[in-house]
Amino acid sequence: MDLGFSWDSVTTFQGFNYQFYCAVEVVELDLKIALRFGQLRGQLMDSGAPMPDMDGLIAATALSEDLTLVTHNVADFDSVPDLRIENWLA
């Protein structure tokens, strides 16, 4: 059966994922982030510029942890006040 990939490419991809996850710190969702998400969601809805929940959760995480968000989808986060954004593909 042709699955569209070879097992060699799967092994390579798994190795890349492992190296990536070893190199970054994973931020756990906690009450501080959840509360910031609720505040941000209400703020954006009141301003007439709501965003998808997952984008809001990503933004709330960056804001709560004082992180810079690295994304190519800069336009998706332009309405979030005080969010630091970097586009490494620009």
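The values are calculated or read from the model by the stated rules, or taken from the named source; none is laboratory data. Predicted, not measured: the structure shown is a model, and the values here were computed from it. All Cβ positions, glycine included, derive from the backbone under ideal geometry; neighbour counts span all protein chains shown.
Within region 30-52, if we keep just the residues that are farther than 15 Å from SER79 by Cβ and of a type in the set (A, V, I, L, M), the residue that is surrounded by the fewest Cβ atoms within 10 Å (Cβ to Cβ) turns out to be LEU31. Among what's in region 13-29 and is surrounded by 10 or more Cβ atoms within 10 Å (Cβ to Cβ) and under 15 Å from the mean Cα position of the chain (by Cα), pick the residue that is nearest to LEU57 (Cα to Cα). Of everything passing the filter in region 13-29, LEU29 is nearest to LEU57 (Cα to Cα).
For the criterion of being modelled with pLDDT of 90 or more, surrounded by 13 or more Cβ atoms within 10 Å (Cβ to Cβ) and on the phi < 0 side of the Ramachandran plot, LEU63 passes.
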